[in-house]
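The structure under discussion appears below in the form of structure tokens.
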Amino acid sequence: MYVLFEGIDTCGKSTQIDLISQKHPQIIVTHEPGGTPFGKKAREILLADALASKRAELLLFLADRAEHYQEVIAPNKNKVIISDRGFLSGIGYALANGDFDFDELVSLNKFALEGHFPDKVVLFLTNMETLKQRTSEKELDGIELRGLEYLINVQNKMKESLEKLDIDYLEVDATDSIENIHQKILSYLEI
């Protein structure tokens, strides 16, 4: 089972992935971008927000996604894989960046994933107040420096996109307690 944990920065994905991996060490945990040697290099470029072209940024994310699928997802398809981010973030950020067509983005991501979207998605949804509080407690990367309104827009684009796709998903209130969120996710994943 291939599962994406999706949501904007500071929404609690990593905390929940850590809790699950402590209870279930056999689960493969990965992330995008950066889950492969190529991905680590791509992540440095992407988080520096150094590309002038949003198309170049999109293509770099897609290249990372294709490599990640080939190196991590496909070889472990008979195991439980949890990825901290994936194609849904890619679509959400691309739509928030501007002039991209949803259907075209879906097609490009299907190509990168060799036609294999994840089996399940856990989408963490936060609010502006929580986002302000959590981002004030950390050093922001280049993408986060685009602003909190931008991040909320990305979150909205992820939610709208997921509603259009035929993928099983769970929405999580990222402002809820860590334990409540954890129990909801365990119940949903049935692991």
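A few remarks follow.
- Among the residues of the stretch 90-107, at least one is modelled with pLDDT under 95 and among the polar types (S, T, N, Q).
- Selected residue (only one of 20, 91 is touching a strand residue (DSSP E or B) at 6+ places or on another chain (Cβ under 7 Å) and either aliphatic (A, V, I, L, M) or surrounded by fewer than 19 Cβ atoms within 10 Å (Cβ to Cβ) (or both)): 20
- Subset of the stretch 154-173 that is modelled with pLDDT of 95 or more and in a loop (DSSP other than H, G, I, E, B) - its residue that is farthest from residue 4 (Cα to Cα): 165
- Looking across the stretch 68-111, the residues that are part of a helix (DSSP H, G or I), under 15 Å from the mean Cα position of the chain (by Cα) and under 16 Å from residue 36 (Cα atoms) come down to 68, 69, 73, 87.
- Some residue of the stretch 39-62 being over 16 Å from the mean Cα position of the chain (by Cα) and of a type in the set (Asp, Glu): yes
- Residue in the stretch 48-56 that is closer than 19 Å to residue 117 by Cβ and touching a residue at least 40 places away in the same chain (Cβ under 8 Å) present: no
- Residue check, residue 64 surrounded by 15 or more Cβ atoms within 10 Å (Cβ to Cβ), in contact with a helix residue (DSSP H, G or I) (Cβ under 8 Å, 6 or more places away or on another chain), charged (D, E, K, R) and assigned to a helix (DSSP H, G or I): yes
- You will find that of 110, 120, 132, 164, the residue that is of a type in the set (D, E, K, R) and either within 28 Å of residue 22 (Cα to Cα) or buried (at least 17 other Cβ atoms within 10 Å of the Cβ) (or both) is 120 and no other.
- Evaluated against (1) closer than 24 Å to residue 157 by Cβ; (2) surrounded by fewer than 22 Cβ atoms within 10 Å (Cβ to Cβ); (3) of a type outside the set (A, V, I, L, M, F, W, C), residue 75 falls short on exactly one condition, (1).
- Looking only at the stretch 167-182, residues that are among the small types (Gly, Ala, Ser) and surrounded by 15 or more Cβ atoms within 10 Å (Cβ to Cβ) come to 1 in all.
- Whichever residue in the stretch 122-153 is at pLDDT 85 or above and out of contact with any Leu (no Cβ under 8 Å at 6 or more places or on another chain) and, among such residues, is nearest to residue 85 (Cα to Cα): 124
The values are calculated or read from the model by the stated rules, or taken from the named source; none is laboratory data. Everything numeric here is computed off the predicted structure, so don't read it as measured data. Here Cβ is always computed from backbone atoms with ideal geometry, including for glycine, and neighbour counts include all displayed protein chains.
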